[in-house]
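A.B. asks: Structure incoming, see below.
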Amino acid sequence: MRWELDTTVSVTEPMAADPQQQAVMDLVSGHNLVVGLAGSGKTTTLIASVAQRLREGVSPSEVLVLTYGKSAVRDFREELAGHAQSTVLPYIGTFHGLAYSIVMGAAALGAETQAQELPRLLSGAEEDARIRDLIAGLLSDAQGPGALIQWPEWLRSAATTHSFAHEVRTVIARLKELNQSGSDLIELGQKCKRPEWVVAGRIASNDAEVMALENVLDYNSLLLAAIALAPESPVVSRISHIYIDEYQEVGPLHRQLLAVLAQRASVLVAVGNPHESVFGFRGSETDMSSGFYVEFPRATSHELTGAWRFGREIATAATAPFDRDRQALVGYGNFPIDVGAVSINKYASRNSRAAFVAEDIYTAHMAEGVPWKSMVVIGRARSDIPLITRALNRAGVPVVVATDEIALKDEPAVHVLLGLVSLAAQPEQASAAVVADLLTGPIGGLDASEMRRVGRALRSVQPGVNSSQLVRDLIVGENSRDLLAQITLREGPNLGELCTRVKAIAGLVAQLRTDIATHGSVPDILWTAWSGGSNHPHGWPQRLQAAALSHSGSAHHDLDSVMALFDTAARFSERSDAGIENFLTQMKYQSVPAEPVSARALRAEAVQVMTVHQSKGREWDRVWIVGLEEGIWPNLVARGSLLNAEEISVGEVTSGTNPIALLREERNLFYVAATRARESLTLTCIDQGSEGGDQPSRFIHDVQSFQITARTVTGYPKNRSSWAGLAADVRETLADPQASAGLKARAGELLSRMGPSVGPHSWWGLAEITQSQRPVRKTHTPLHMSGSSLDSLLECPLKWFLDREVKAQVSRGSATAFGSIVHAIAEYVAKGELDQNPEQIQRLISDSWQALAYEAHWQSDSDLAQAYKAAELFLDYHNLTPRVFVAAEGRYQASLTVTTPSGKPEKIDLSGILDRVETDESGRLVAIDFKNVKSPPTKAAIVQNGQLGVYQLLLRDHQVVELDDEGEDPPFGAALVQLRVEASQPKVQRQEAINFDNSPTWIEVKLGEAAEIIRSETFVPQVNPSCRYCSYTLVCPTQSSDIFSRVLIDESGIDDDAIT
């Protein structure tokens, strides 16, 4: 066999340029700035310009092309190869890539003459880790450089956090952008009385010294070094033609390097669009033109205004937010390809939106033939992605999520390997769950039934011990070998090959423990874990290889991430011999994506889901945009930080970010997302009405102002396009009591033809009711209960179970925070720790309010006004109540025995925190509970309000630290004080004192009923007024017939044999 290099290139037809594009392609001299709108062919024109120069005889070595990212570099290179009809291409890369070549070229020459090592470039993840280590060292340094740092007390407590290290890294990057040193920041901090900057400046100075000693560079240091070396660099000495794509993403240091490069060049062409700048957090340009003319004052400007990607309607929607506020957005001059439609869909919830988007995408592919990879869902932030991804998976849509923001340690394959090595390094800390994850993961490969078989085998040799603990001991326990020998001897024939596999995993862990104990190198230990070594191969690498060769995108990605891990381990070993424990610690705290993995291309034939930033520079036939809710997009909440790096300037403090700049950023993001579409753009938002809840973004209203109408979509899709959706539709017909016998027979016939996967064995409604072997509450210990849980349990046992035991309750977010703030004011005023100054109280509430995560500003403003009013009503109550204040926010406990309705005694432990305790004129105690609900309970409901009744019990048997011993008389009742009412005075709802001499009292009867519900586990739903606001209506048989209506199915009409 003989290998030959294939030098054939797929030829691309010459570009049919419009006059503006041709003018740019003909540029052969001077400094030129080309401003082009999205879809105007900026990159295509630049590619055609380079190709034309090459065809005219310009040597590839004289041409330099720079763009903003690795994926853009790859795409540019592939397109240029077709246009240039040449196998030799010019240098096409990023600014950092070019800087690396310049610095390494100069370092290599120096190393040859001085026998020096080449500097090493740190990845972003390594930068975070090393800065954190540096700060920790300075904090503990009592005599060295750390002793010179005067830490403010408020800053010292934050200094050990990962967030602080990340902020310090941001400050250091900012200083290098401004060509400032740590000493400059110290001087600025002292001048402006910013002690945090003085601290950050000293850390920056130490960082610079350590980097020099370690011979390492971060990305900004790399650019600074390249700027200094470029004039004499052989790497760029022959460059005469420079082409820059996406110039709006160029930062200050990039501009300085470009200015040095352009001194020798005969032509510089930079193309961009300031309204497509989405990487402002990396220092890119928001005012592209002014930055260019500062460096190149005699530059010539050009425009590209033709829309070659989409038509007039998409262009109108994309630019609508700019037009409303009269921003200087150059209009599209012509539409050579006037195609594309815009839709606006409004939904009642995020779940329904996700379901309908998935259904629309599935239908587009199945009914219209749109390729999966020609469709994309774009979200404002990463939080938009999981829900959409799950809905697509449920609908049977192949989906790939852009994951370029995942830290290396969080990559799935890397997580598995690090987990195995961590388990071997610290076996005493390995829990049973960690061992189970190892055995059921890709290395162990056991499924749930096999795990149960192993557990049964272990219990047969050691009865009475929990199987999970035995499985743990089998892998990492001191008696691991004995357990293996026992089950092999006793259960070997029954377990067969399974016993061999478990034994191999235990042997691999033992081998790793030996390698770690003998101080094996980090790469060698990782290789043993990855391959299984010569004695314990587990086959995972081979399975990934086979899947990758079968075009599995996830397998490709897993292999990429494993290679990145070994590359990181090799760099770690090169600079130290700190051992595997230190390597694991470093990996644990890395929070920045590892570049070798994050820059990969999406390979799969699938719908893509990504953020706006990830969609940059790409286009699809059909685009769905999610997250267009007011307060979310645009998000105008100030991005404050501890060190405020954005306020650092040369010798002065700048204003940092402001609402106008934030709105400009948000408009740019919308513009970029909308202009990714070629044929169809669908804007989606949540509209939950005017009374609270999510509202459509102002950008939606901007688009609607151009006569693009919105459609309100209700309910959930039927998903008839998918196999599962069709099966559900047919089942619904079988369950419909109104359907005719003939229709049911036809439905049954169709269901039988769909195969066994949709048969009755998979129907939830026909399954037997199961009961857990483990009780909800331990049978031999008292039941614990609070006042609020008692009312919740008796009102609806099912909701109580889902809230308290399943932990499925929806976070109340701002509502909970509202109550916490008002309660805190009430406590501090009552205790005399806060003056009754309304202005001071309002100021405290306002300061606290800034931390609340409201998605809509109007809702935040409305609740803030209500919080001010609630505080006023509390002050009125505090000053006008005839009773005497005794204690606030005291913790109370009591124990009692009650009788259940079935006659059984049940011991109950009660506990609660009482907002306030008062005494009347006779010295009797009264429990007060402040409420901030909009709909107070009725007068009749107060009579036997369980929470107040429990409070009276607690006062009867009080055991509280803060309460004096003087209140010995029986309690005098309890009251709710409503502070969120539309009234001039607080509403006091009093409950009369309980006569505990007449036992059992009504509260003891209620506790007995609650105890029986828990012990019998009869968590049935109860219809009550709160059903209107319940989060579980979809799974509640009193509200929905979708899941639990077993009686509707006529089983006699189903031929089980035909279906299964």
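A.B. asks: Show the residues, 5+ positions off or on another chain, whose built amide H is closer than 5 Å to the amide H of G912.
C.D. replies: Those lying under 5 Å, H to H, from G912 are Y892.
A.B. asks: How fast does the stretch 783-1016 diffuse by Stokes-Einstein, in µm²/s, taking the Kirkwood radius from C-alpha pairs at 10 °C and 1.306 mPa s?
C.D. replies: Diffusion coefficient, whole number: 84 µm²/s.
A.B. asks: Would you mind counting up the charge near G946? Only other residues with Cβ under 13 Å from its Cβ, with Lys and Arg at +1 and Asp and Glu at -1.
C.D. replies: -4
A.B. asks: Of K939/K987; K799/K904; K42/K616; K409/K588; K70/K588, which ones are farther than 18 Å apart at the Cα?
C.D. replies: K799/K904; K70/K588
A.B. asks: Where the only charges are on Cβ atoms (+1 Lys, Arg; -1 Asp, Glu), what is the dipole of the stretch 884-951 about its Cα centre, to the nearest 20 debye?
C.D. replies: My answer is approximately 260 debye.
A.B. asks: A further question follows. Sum up the charges of everything whose Cβ sits under 12 Å from the Cβ of A38, counting Lys and Arg as +1 and Asp and Glu as -1, but leave A38 out.
C.D. replies: +3
A.B. asks: Only Lys, Arg, Asp and Glu count, each charged at its Cβ (+1, +1, -1, -1), so figure out the dipole size of the stretch 783-1016 about its Cα centre, rounded to 20 debye.
C.D. replies: Dipole size: approximately 800 debye.
A.B. asks: Which lysines have a Cα lying under 21 Å from the Cα of K191, excluding residues fewer than 8 positions away in the same chain?
C.D. replies: K176
A.B. asks: Moving to a separate point now. Could you give the radius of gyration (one decimal) and Dmax (whole number) of the Cα atoms in the stretch 123-204, in Å?
C.D. replies: Calculated on Cα positions, Rg and Dmax stand at 12.1, 34 Å.
A.B. asks: What is the sum of charges, Lys and Arg at +1 and Asp and Glu at -1, for the other residues whose Cβ falls under 9 Å from the Cβ of S240?
C.D. replies: Every neighbour counted, the sum reads +1.
A.B. asks: Along the charge dipole of the stretch 783-1016, pointing to its positive end and built from +1/-1 on Cβ of Lys, Arg, Asp and Glu, which listed residue (A817, P882, S902) has its Cα farthest out?
C.D. replies: The residue sitting farthest along the positive end of the dipole is S902.
A.B. asks: Placing +1 at every Lys and Arg Cβ and -1 at every Asp and Glu Cβ, with all other atoms neutral, what dipole size does the stretch 123-204 have around its Cα centre, in debye to the nearest 20?
C.D. replies: The dipole of the stretch 123-204 has a size of about 220 debye.
A.B. asks: Follow-up. Apply the Karplus parameterisation 6.51 cos²θ - 1.76 cosθ + 1.60, with θ equal to phi minus 60°, to every residue of the stretch 355-372 and state each ³J(HN,Hα) to the nearest whole Hz, in sequence, with x for glycine and proline.
C.D. replies: With the stated coefficients, the stretch 355-372 comes to 5, 6, 4, 4, 5, 4, 5, 4, 5, 4, 6, 6, 8, 10, x, 6, x, 3 Hz.
Since every read-out is calculated from the coordinates, none of them should be taken as a lab result. Values in this document were obtained by computation on a predicted structure and should not be read as measured data. Every residue, glycine among them, receives a Cβ derived from its backbone with ideal geometry; neighbour counts consider all protein chains shown.
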